[in-house]
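The values are calculated or read from the model by the stated rules, or taken from the named source; none is laboratory data. Keep in mind the model is a prediction, meaning the values are calculated, not measured. Quick reminder, even Gly has a Cβ in these numbers, built from the backbone with ideal geometry, and neighbours come from all protein chains shown. These area figures cover heavy atoms from the full protein model, side chains too; ligands, DNA and RNA do not enter into them. Shrake-Rupley method; radii C 1.70, N 1.55, O 1.52, S 1.80 Å.
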Amino acid sequence: MDHFSPVIVAFCCHYCAYTAADMAGSMRLSYPSNVKIIRVPCSGKVSALHIMRAFQKGADGVYVAGCLEGDCHFKDGNIKAAKRVAYVKKMLDEIGIGGERVEVIRMSAGMGERFAQSAKDFTERIRKLGPNPVRAVLNQRESAGA
Amino acid sequence: MITAERKPIEEILEYLEPYDRILLVGCNECVTVCAAGGRKEVALLSSALQMARMKSGRTLEVREMTLERQCDPEYVEELVNFIDQAGAVLSMACGCGVQEVARRFKDKPVFPAVNTKFMGASERQGVWAERCQGCGDCLLGLTGGICPIARCSKRLLNGPCGGSTDGKCEISPEVDCAWQLIWERLKALGLEKRYEDIISAKDWRTSRDGGPRKIVREDLAS
Ligand code: SF4
């Protein structure tokens, strides 16, 4: 378990978190390489299914990074995203995967440091939770050559 | 529309316990509109069920299909090419859809994935409320377009009762008193006088009291 390196999918809004990630890069701030960034036009674009599919394919944690409250480029996409994440949390709890594996994180485009720190904190949180329980079956399938 | 809500996943998993391959069938009509059993909900439930299975070390193969209307045999027929590969069918339609699939495929177990609730309308995004109980003898014409059968907790035909307070029903401050609504509406329409007319006792034989109901349109029936 010490060597467990969680796979984390981060849906990042183009107008804030994605730019903040860029900023983190230009500030030479390091953040865990296991965080896989998917750029989205708005955090409100991320549907419950996008998040569920990420887990189904073996992600250990998922976060949706959107703009600060009141700052959404599309008015209330970030609020919608938060509601969807809350919905997925319940569903993940219901099936025993654990709602703590998904989160909403807010930041502005200039917050390179916040981006790097959240990536580290979230990775640490998931590391403590251990691997996504569906991984065992996925690994079996892989080794069976499926 | 007919409204519904997804059942707890645990209950669904119990139904599916003996099966490793299922057909998960949604419906494009009412349950799509009330976000209970349309294409999106089918995909979400499919994902959740597969993960739940994987967690217990097994797999579940799910074929997702969403029919135009699950309460019509023409559309249910579309399942014919896929039914054999599945051990069971899980339906996200209302109870009518579930039964139509069960009627067509007699040797296939069919399970409901939703609880069918009521005939209602959307009050606002994400909120649906009961509006009609299908009593079979509509009296909305007498009550200003507000149904005392579906919306008065006591189904009073001549209300309100003594429990009506500040426009709310005595069962809960969240529930509007239907008879207050009726009165206000009649007033707005200048039809206060109609409120004085006593609505006579209802003949419930047109409702469920007359047993399961059927409509036969001679001009259309084959
Ligand atoms: S308070 Fe109004 S809605 Fe409630 S039971 Fe009485 S008449 Fe019906």
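Label zone of residue B:174 (point 7 Å out along Cα→Cβ, amide N under 19 Å): in segment B:105-144 this covers B:115-132. The eigenvalues of the Cα gyration tensor, multiplied by 5 and square-rooted, give segment B:2-67 an equivalent ellipsoid with semi-axes of 22, 12, 9 Å from largest to smallest. Computed from the alpha carbon positions, the gyration tensor of segment B:2-118 leads to an equivalent ellipsoid with semi-axes of 20, 17, 12 Å, biggest first.
Count Lys and Arg as plus one, Asp and Glu as minus one, and take only other residues whose Cβ is under 9 Å from that of residue B:149; the net charge is then +3. Value of Rg to Rh for segment B:183-222, rounded to two decimals, is 1.28; Kirkwood radius and Rg both from alpha-carbon coordinates. The orientation-averaged projected area of the convex hull spanned by the Cα atoms of segment A:8-144 comes to 8.0 nm². Of the residues B:154, B:168, B:193, the one that moves most in a GNM of chain B with alpha-carbon contacts below 10 Å is B:193.
Of all alpha-carbon pairs in the protein assembly as shown, indicate the percentage at a distance above 27 angstrom. In whole percent, the long-distance tail amounts to 61. Restricting segment A:2-92 to trypsin sites (Lys or Arg not before Pro) that sit in a DSSP loop and have at most 15 other Cβ atoms within 10 Å of their own Cβ leaves A:28, A:57, A:75.
Taking each DSSP H run with n ≥ 4 as -39500 (n - 2.57) and averaging over every residue of chain B yields -7500 deg cm²/dmol at 222 nm.
Find how much the distance from residue B:127 to residue B:78 grows on full extension, using 0.36 nm per residue of separation minus their present alpha carbon separation; answer in nm with one decimal. Difference between extended and current length: 14.4 nm.
When you filter the trypsin sites (Lys or Arg not before Pro) in segment B:64-137 for DSSP loop state and at most 16 other Cβ atoms inside 10 Å of their Cβ, you are left with B:106. Dipole size of the protein assembly as shown about its Cα centre, with +1 on Lys/Arg Cβ and -1 on Asp/Glu Cβ: approximately 620 debye, rounded to the nearest 20. Here the simple spin-label model places points 7 Å from the Cα toward Cβ, and for residue A:108 and residue B:187 these points are separated by 5.1 nm. With a Förster radius of 30 Å applied to the C-beta separation of residue A:143 and residue B:19, the computed FRET efficiency comes to 0.75.
Just so you know, the Rg over Rh for segment B:134-222 is 1.08, from Cα atoms, with Rh as the Kirkwood radius. Expressed in Å, the radius of gyration and Dmax of the Cα atoms of chain B are 21.7, 69.
For segment A:88-135, the C-alpha radius of gyration divided by 2.2 N^0.38 Å, with N the number of residues, is 1.34.
Given the pairs B:7/B:106; A:83/B:55; A:128/B:7; B:117/B:202, which span a C-alpha to C-alpha distance of over 28 angstrom in this model? Too far apart for the 28 Å limit: A:128/B:7. Along chain B, counting only GluC sites (Glu not before Pro) with a DSSP assignment other than H, G, I, E or B and at most 16 other Cβ atoms inside a 10 Å radius, the longest segment between sites is B:69-169. For segment B:133-210, the carbon plus sulfur part of the accessible surface works out to 50%, probe radius 1.4 Å. Remark on segment A:121-146: accessible area falls by at least 20 square angstrom from chain-alone to full-complex state for A:133, A:134, A:137, A:141, probe 1.4 angstrom. Accessible surface computed residue by residue for the protein assembly as shown, with neighbouring protein chains in place and a 1.4 Å probe, gives 54 Å² per residue. Accessible surface buried at the B:A interface totals approximately 1500 Å², computed with a 1.4 Å probe on protein heavy atoms.
Between residue B:197 and residue A:5, the modelled label-to-label distance comes to 7.9 nm, taking each label 7 Å out from Cα in the direction of the beta carbon. Convex hull volume per residue, computed on the Cα atoms of segment A:65-146, equals 129 Å³.
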